[in-house]
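All of the numbers you see were taken from the coordinates with simple rules; none came from a lab. Fair warning: this is a prediction, and the values are worked out from it, not measured in the lab. Here the Cβ is made from the backbone with ideal geometry for all residues, glycine too, and neighbour counts use every protein chain on show.
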Amino acid sequence: MTEKRRMNEKTKSNKPLRFFGVVLVVLTLSIVACLILPRIFNMSPYVIISESMYPELKAGDVVYVKKVDLYEDVKEGDIISFYMNSNALTPVTHRVVSNDTIRQQLVTKGDANEKNDIIPIAYEYVLGKVMLKLPLLGHVLLLLESLVGKIIFILMFLAGVLLIEFSKK
């Protein structure tokens, strides 16, 4: 067998390794892009943790929220993220039912809930309007908040790079 033919066979046998390596690298870089790119446009990601906005938003979805400049522009039907009060630790994402510009507060409701939220939301507790949603990405982002998730993420990227390099030899 000639040397050139052996090289072609070796290259063909390494294609699955290269492909898998590229998939791992692209996957990890895509996740990084989902975290970094929205911030360039002044949007912050929040993970949906309940089904109160089902079917529009499901637990595990990620919403990208942009700060509201003029609260008068918030309209009925907009989806916003907010804190229920000054002591709240977890943001809520619900649909606006009405905007009381005189009292500077919004009445909200989860799509899956029968009634409006009990307490109107003061403008000062509003994080912003939902501009974009990505289904299921929240599960990955929640995993990345843990040390184990960060280690898995780094190992995935390194494995991808190593597979690409190994496939070249």
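Structure notes:
- Rounded to 0.05, the FRET efficiency of the Leu143 and Val32 pair, given R0 = 22 Å and the Cβ-Cβ distance, is 0.95.
- Cross-link reach is defined here as a Cα-Cα straight distance under 18 Å, omitting same-chain residues fewer than 8 places apart; for Lys133 the aspartates and glutamates meeting it are Glu51, Glu56, Asp61, Asp78, Asp111.
- Proxy reagent accessibility, fewest Cβ within 10 Å first, across Ile48, Ile152: Ile152, Ile48
- A helix-only calculation puts the chain at -14000 deg cm²/dmol for mean residue ellipticity at 222 nm, using -39500 (n - 2.57) for each DSSP H run of at least four residues, averaged over all residues.
- At R0 = 22 Å, FRET efficiency that the Cβ-Cβ distance of Asn116 and Ile40 yields, to 0.05: 0.05
- Residues in the range 124-141 that a label on Met156 would reach, taking backbone N under 14 Å of a point 7 Å out along Cα→Cβ: 136-141
- Counted as membrane-span-like here are DSSP H helices of the chain whose alpha-carbon atoms extend 24 Å or more along the helix's own axis and whose Kyte-Doolittle mean is -1.0 or above; these are 3-40, 147-168.
- Set Lys75/Lys150; Lys109/Lys150; Lys58/Lys109 screened for pairs whose C-alpha atoms are more than 27 Å apart: Lys75/Lys150; Lys109/Lys150
- The range 69-125: GluC sites (Glu not before Pro) in DSSP loop, at most 14 other beta carbons within 10 Å: Glu76, Glu114
- Two-decimal Rg/Rh across the chain, once Rg and the Kirkwood Rh are taken from alpha-carbon atoms: 1.22
- Exposure proxy shown here: for Leu141, Leu158, the number of other Cβ atoms within 10 Å sets the order, fewest to most, as Leu158, Leu141.
- Radius of gyration and maximum dimension Dmax of the range 10-97, Cα, Å: 19.2, 65
- For the range 62-101: rounded, prolate or oblate by the Cα gyration tensor [a/c cutoff 1.5]: prolate
- Across the range 153-169, the residues whose backbone nitrogen lies under 15 Å from the label position 7 Å along the beta-carbon direction of Val23 are 156-157, 159-161, 163-164.
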